[in-house]
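Shown next, in structure tokens, is the structure this report addresses.
The values are calculated or read from the model by the stated rules, or taken from the named source; none is laboratory data. Keep in mind that what you see is a predicted model, and the values were worked out from it rather than measured. Neighbour counts are summed over all protein chains in view; Cβ atoms, including those assigned to glycine, are modelled from backbone coordinates with ideal geometry. These area figures cover heavy atoms from the full protein model, side chains too; ligands, DNA and RNA do not enter into them. Shrake-Rupley method; radii C 1.70, N 1.55, O 1.52, S 1.80 Å.
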Amino acid sequence: MGQRDTKVKGFIYFAAISTSLTTFSTGVCFVWTSPIIPKFQSEDVELNPIGRPVTITESAWIVAAMTLGLMIGPILAVLALRFSTKKTVLLLAVGPILFGHITCIFANKANLFIFARILMGIGSGAVWSVLGTFIAEIAENKNRGFLGSFPGIASNIGSLSVYVIGPYTKIWQFSIVQIVPIILFCMTFGFLVPDSPYDLIVRGKSDLAEKSLKKLRQTDKVGKELLFVQETVQRGNECKIQFAELIKDRGFRKGLTISTTLMIFQQLTGILAVVSYAETIFRLAGDFIPPSISPMILGVVATTSQLISSKLIDKMGRKMLFSGACISEAISLFALGFYFFRLNHGLDVSAISWVPIASLAIFMFSFNSGLGNIPWIVTGEIFSSKVKPIASTITALSNFIVSFLIVICFPYMIEYFGMGPTFWFFGSCMVLGAIVCIWLLPETKGKSFLEIQDLLKN
């Protein structure tokens, strides 16, 4: 009996880890520009395949191009979900990321790198719009939050690999390395992880759904859970699938408000702008720690905090972690803004030269302990199977549209307002985020999908 319990835990963890290899690749894509932009600004043709320093406009679009792709990816994903399961969509989604890296191996013009970044964004957007729901559906109530943290952990490890490898390799070499985890994902996930039992029930394949549950749980005693999955799907099928009718449904409306609000506040941390320009920010901050080393420290902090969060999320709950993370984010951003305000006004900052790295370390710790993963986990929990594709797409789009606007506006905010007020703006947003979270977010810890849907409707 004890041996069987070990198998249960072991395989479901393997399934979540292999699924999360997709977000390892998206984590690479999100911070790709941090070590690469300084190479594009170099006149050394050995480092810069373009052969000249890029212009400010080219640099901004290389950074922002991915967010354009991020807005396209969820739309393609929801269209694909009409004909395919989430597993199939995830396998298709890594295709654009793969071709983006292949393009970077041979690219020698700024436009080609912009095109590659759009491809990376399309794949990443599709992955994140589907992944949270897939893991929520293969997990159990008792470990759904823990397993839902795996994509964030993998994403941060992917980002850390960029900080560690990126500064010391040529772009084509770096791109070849990043193809490896994509191939590993296709082999492990494609051949060994079954489809979501919810997807199979929706398509009337009860026998395959039972086989999926048996493989995921490593036991033949899945009859009770299979009935629960069927009941959950049947409840969802009773909902109208026309969007105009869905908006009239209180549970759907409230769920969409919660998920999109969490996503918007996630991006109002300025996270994508910070990680995209991390090395540049540290160059502006001074040489307390070498600019190429500081992002590595942030990567380690981010991964560590995500690991800690994965253990806490099913104990402390979503509401406490998210609101607490918002407050910590606000403190770190106000401190960082104070440092740059003094620096930009010619005041002495030698006594507080440690503030940028300390503030950004707290920033990354706070983000990854709550803001980074909870919006995706909650999105995977609060919608019925029938409406999850459209709801996840709208939610992901809200995230990526805000991230695009912030990445585009960030350089201009720095130019017109200064680095200090820019970080103060993000800090103020986090104070507001904590207040809104306490008021709006229900606690879904340990609840079944049916219990959560009843909670939203009532």
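Can you tell me which residue in the range 307-323 is farthest from I17 (Cα to Cα), limited to those that are without any contact (Cβ under 8 Å) to a residue 60 or more places away in the chain and in contact with a helix residue (DSSP H, G or I) (Cβ under 8 Å, 6 or more places away or on another chain)?
L321
Are any residues in the range 410-424 surrounded by 15 or more Cβ atoms within 10 Å (Cβ to Cβ) and assigned to a helix (DSSP H, G or I), and if so, which ones?
Passing the criteria: F410, P411, M413, I414, M419, G420, P421, T422, F423, W424.
Which residues, taken from the range 200-243, are among the acidic types (D, E) and at pLDDT 90 or above?
D207, E210
Condition first: open to solvent by less than 40 Å² (accessible area, probe 1.4 Å) and either on the phi > 0 side of the Ramachandran plot or among the aliphatic types (A, V, I, L, M) (or both). Now tell me which residues in the range 170-210 satisfy that.
Scanning the range 170-210 gives I171, I179, I182, V193, L200, I201, A209.
For S161, state whether it is farther than 28 Å from V378 by Cα and either outside any helix (DSSP H, G or I) or among the polar types (S, T, N, Q) (or both).
No; evaluated as a whole, the condition is false for this residue.
Any residue at all in the range 350-357 that's part of a helix (DSSP H, G or I), closer than 23 Å to S159 by Cβ and open to solvent by less than 10 Å² (accessible area, probe 1.4 Å)?
Checked the range 350-357: at least one residue is part of a helix (DSSP H, G or I), closer than 23 Å to S159 by Cβ and open to solvent by less than 10 Å² (accessible area, probe 1.4 Å).
Since I36 meets every condition but one in (1) assigned to a helix (DSSP H, G or I); (2) open to solvent by 30 Å² or more (accessible area, probe 1.4 Å); (3) under 22 Å from I293 (Cα atoms), which condition does it not meet?
If we test I36 against (1) assigned to a helix (DSSP H, G or I); (2) open to solvent by 30 Å² or more (accessible area, probe 1.4 Å); (3) under 22 Å from I293 (Cα atoms), just (2) comes out false.
If only one of S369, S392 is of a type outside the set (D, E) and farther than 13 Å from F252 by Cβ, which one is it?
Sole residue among the options that is of a type outside the set (D, E) and farther than 13 Å from F252 by Cβ: S369.
Quick one: how many residues across the range 133-162 are closer than 20 Å to K86 by Cα, within 13 Å of the chain's Cα centre (by Cα) and aliphatic (A, V, I, L, M)?
The number of residues fulfilling the criteria is 1.
Given the criteria aromatic (F, W, Y) and touching an Asp or Glu at 6+ places or on another chain (Cβ under 6 Å), does F146 qualify?
yes
Condition first: open to solvent by less than 60 Å² (accessible area, probe 1.4 Å) and of a type in the set (D, E). Now tell me which residues in the range 312-349 satisfy that.
D314, E329, listed by residue number.
In the range 80-104, how many are within 30 Å of K386 (Cα to Cα), open to solvent by 50 Å² or more (accessible area, probe 1.4 Å) and modelled with pLDDT of 90 or more?
Here the count works out to 3.
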